[in-house]
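As structure tokens, the structure follows; a few thoughts come after it.
The numbers here are math on the coordinates, done by the rules we state, and not lab data. Treat the numbers as computed from the prediction; the structure is a model and nothing was measured. Here the Cβ positions follow ideal geometry from the backbone for every residue, glycine too, while neighbour counts run over all protein chains shown.
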Amino acid sequence: MKAGSKHVPSIPQLLYHRAEYSLELPAIIGEGEVLTYSALKEKALQLANVLSRKGIQPHQRVAVYAHNSLEMVVLMYALWLMEIQVVPLSTRFPARVIPRYLSDLEIEHLITQQALATGEIARQVVILEELWEDAQSGSVPVAERTWEEENPPITVVLTSGTSGTPKAAVHRWSQHYFSARGSNENLPFKAGERWLLSLPLYHIGGIAILFRALLGGAAVVVGDPGKITVDRILQDNITHVSMVATQLQRFVDALKKTHVRLPLKAILLGGGPMPPPLIEEAYNLNLPLFTSYGSTEMCSQITATEPGAPLQHLLTAGKPLPFREVKISPDDEILVRGYTLFDGYWKHGRVEPQQDADGWFHTGDVGKWTVDGYLKIVGRKDNMFVSGGENIHPEEIELCLLRHPDVQQAVVVDIPDHQYGARPVAFVKVKHAEAVDPDVFRQYLEGFLPRFKIPDHFFVMPESEARKLKPSRKKLREIALEWVRP
């Protein structure tokens with residue numbers, strides 16, 4: 001499918017339309033400040049004009065190295081009004097590595113917050129707070145902007161995959177548009193509703209929320225990524241929120257201690273395997289769950305469950321959303337294509353397409369269809385390893401561990417073994433304990449897995465990884481190699 005075969009309104013057209021017809025509806029809600037759609041249009045245009053004065057021109061590639069904030073959201077819209085390719089850099093990156101990304105991606109300008117600006121960043125730096133002050137001064141004219149190009153590339157999102165080496169995925173506006181449109185058709189998000197920005201804007205899941213809001217005329221509530229509380233949901237009248245497994249577990253634990261009625265209409269779950277007991281627990285609390293499967297390359301969601309899905313469907317990744325296609329290859333790899341598929345990865349000064357001859361992107365994920373047409377994720381092809389001649393998918397072991405009522409997180413990695421070639425090692429985070437009993441987990445797994453798939457070692461998940469939305473397999477493998485001496 002080619003995006004050009006369907007009409008796509010530009011971001012300026014959508015924002016101006018919202019400012020005219022939804023002018024007093026909230027667009028962005030921050031700490032102590034609310035921007036209506038009319039105010040968002042004005043401030044984004046002011047900021048765009050300030051950026052132009054700083055020498056930032058349309059079609060350039062601009063990096064943003066900043067924490068989530070109301071100002072950062074407005075900045076993103078301002079850059080898109082200018083047809084800029086926004087490259088959001090993870091604030092987990094130390095400052096000393098930023099110059100390498102700027103060089104590799106041929107980035108001409110870096111916008112960062114004062115607190116993150118250091119002498120280690122050796123390119124032209126623009127401070128977000130200073131931009132905001134200039135835009136607020138009242139001396140900046142508000143001139144409307146139109147796009148010169150019908151469907152420009154507007155984001156370059158780094159995705160590390162399983163290798164730990166970031167790849168730079170390039171997306172055009174139409175791909176974000178159809179991603180948001182397909183999501184909103186399945187999971188309605190409309191005027192008067194509010195989505196908590198609980199994911200960082202350097203993740204595709206965070207960026208996708210901005211476009212869903214713009215299409216639906218709804219509001220984005222800027223929150224602290226990773227921290228979702230019952231009080232915050234009530235205080236800001238949140239109707240929609242995205243969560244990974246660890247966030248959902250904390251939320252469920254907190255919710256069980258209260259007897260409040262929540263305004264939530266949707267909890268979109270993704271970012272990795274969900275423990276079936278946790279899904280069941282949340283379902284029994286009558287939480288409005290949507291499970292999903294997505295990727296950076298496909299602009300966030302690919303599949304999702306329907307509103308009011310029964311428990312058996314919530315234990316899957318759902319069905320393909322509009323404007324996406326999914327198929328399983330003969331070797332069980334998940335292949336995807338559609339209006340939301342990215343242009344390719346930026347490498348060596350150009351965009352390198354990643355589709356095969358039929359337009360399919362090979363995700364590297366392994367999956368299968370249920371008898372009623374729902375997708376189940378088995379694991380990653382590149383995570384699979386061979387032990388004693390047998391194929392082992394770490395995700396299969398993780399899912400079994402996550403069925404244990406005391407396990408909140410589980411990651412399995414492989415380490416070399418002189419007898420079998422490789423053997424699995426498990427890291428787990430358990431409730432109400434600081435240690436793990438390997439015998440307990442071995443005995444538990446014997447009820448689900450053949451003996452060769454049961455890990456040789458069980459360790460407590462290091463706190464440095466447990467606090468992440470997505471623990472690093474690469475780092476945990478390094479730790480396992482250090483802790484398990486031959």
Discussion item. Could you tell me which residue out of Val62, His348, Val222 lies farthest along the dipole of region 3-377 toward its positive end? Charges go on the beta carbon: Lys and Arg +1, Asp and Glu -1, centred on the Cα centre.
Written reply: Val222
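Sort Val371, Val64, Val386 so the one with the fewest other Cβ atoms within 10 Å of its own Cβ comes first.
Values: Val371 5, Val64 22, Val386 12.
Taking fewest neighbouring Cβ atoms as first place, the list is Val371, Val386, Val64.
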Fill in: Pairwise FRET efficiency - Ser90 versus Ala143, Cβ, R0 = 25 Å, nearest 0.05
0.15
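Helix-only estimate, please: 222 nm mean residue ellipticity of the chain, summing -39500 (n - 2.57) across DSSP H runs of length 4 or more and dividing by its residues, to the nearest 500.
Working: 15 runs with 145 residues, N = 486.
Value at 222 nm, helices only, nearest 500: -8500 deg cm²/dmol.
Under unit Cβ charges (Lys, Arg +1; Asp, Glu -1), what dipole magnitude, rounded to 20 debye, does region 207-335 have relative to its Cα centre? Could you put the intermediate results ahead of the total?
Working: 11 positive and 12 negative charges, 102 e Å.
My answer is approximately 480 debye.
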Discussion item. Whole percent per 10 Å bin, from 0 to the bin with the longest distance: what is P(r) over all C-alpha pairs of the chain?
Written reply: 4, 19, 29, 27, 15, 5, 1, 0
Discussion item. List the lysines whose Cα sits under 27 Å from the Cα of Lys54, skipping any in the same chain fewer than 8 residues away.
Written reply: Lys41, Lys43
Worksheet item: When DSSP assigns beta bridges and you keep just the ones with both residues in the chain, what percent turn out antiparallel, to the nearest 5?
Response: 60 percent
Fill in: Listed pairs Lys347/Lys475; Lys167/Lys453; Lys429/Lys475 exceeding 20 Å between Cα atoms
Lys347/Lys475; Lys167/Lys453
Worksheet item: In terms of Cα to Cα distance under 13 Å, which aspartates and glutamates are near enough to Lys376, apart from those fewer than 8 places away along the same chain?
Response: Asp332, Glu333, Asp365, Glu395, Glu396
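Counting Lys +1, Arg +1, Asp -1, Glu -1, what net charge surrounds Ala254 among other residues with beta carbon under 12 Å of its beta carbon? Walk me through the numbers on the way to the answer.
Numbers: positive: Lys227, Arg232, Arg250, Lys256, Lys257; negative: Asp231, Asp253.
Charge balance near Ala254 sits at +3.
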Discussion item. Net charge within 9 Å of Leu131 by Cβ-Cβ distance, Lys/Arg positive one each and Asp/Glu negative one each, not counting Leu131 itself?
Written reply: -4
Worksheet item: By a straight-distance test (C-alpha under 16 Å), which lysines pair with Lys190 as possible cross-link partners, with residues fewer than eight away in the same chain excluded?
Response: Lys265
Fill in: Separation of the Arg100 and Lys256 label points, Cα + 7 Å toward Cβ, nm
4.3 nm
Practice prompt. Answer rounded, prolate or oblate for region 313-400, using the Cα gyration tensor with square roots of eigenvalues a ≥ b ≥ c: rounded when a/c is under 1.5, else prolate when a/b is larger than b/c, else oblate.
Written response: oblate
Worksheet item: Is region 383-483 rounded, prolate or oblate when judged by the Cα gyration tensor, a ≥ b ≥ c being the square roots of its eigenvalues, rounded requiring a/c under 1.5 and prolate requiring a/b larger than b/c?
Response: oblate
Discussion item. At 7 Å along Cα-to-Cβ for each site, give me the label-to-label distance between Arg53 and Glu185 in nm.
Written reply: 4.4 nm
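Could you compute the net charge surrounding Leu264? Neighbours are other residues with a C-beta less than 13 Å from the C-beta of Leu264; K and R count +1, D and E count -1. It would help to have the intermediate numbers written out before the result.
Values: positive: Arg194, Arg232, Arg261, Lys265; negative: Glu193, Asp236.
That works out to +2.
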Discussion item. As an exercise, identify the trypsin sites (Lys or Arg not before Pro) in region 184-292 lying in DSSP coil whose Cβ has no more than 14 other Cβ atoms within 10 Å.
Written reply: Lys190, Lys227, Lys256, Lys257, Arg261
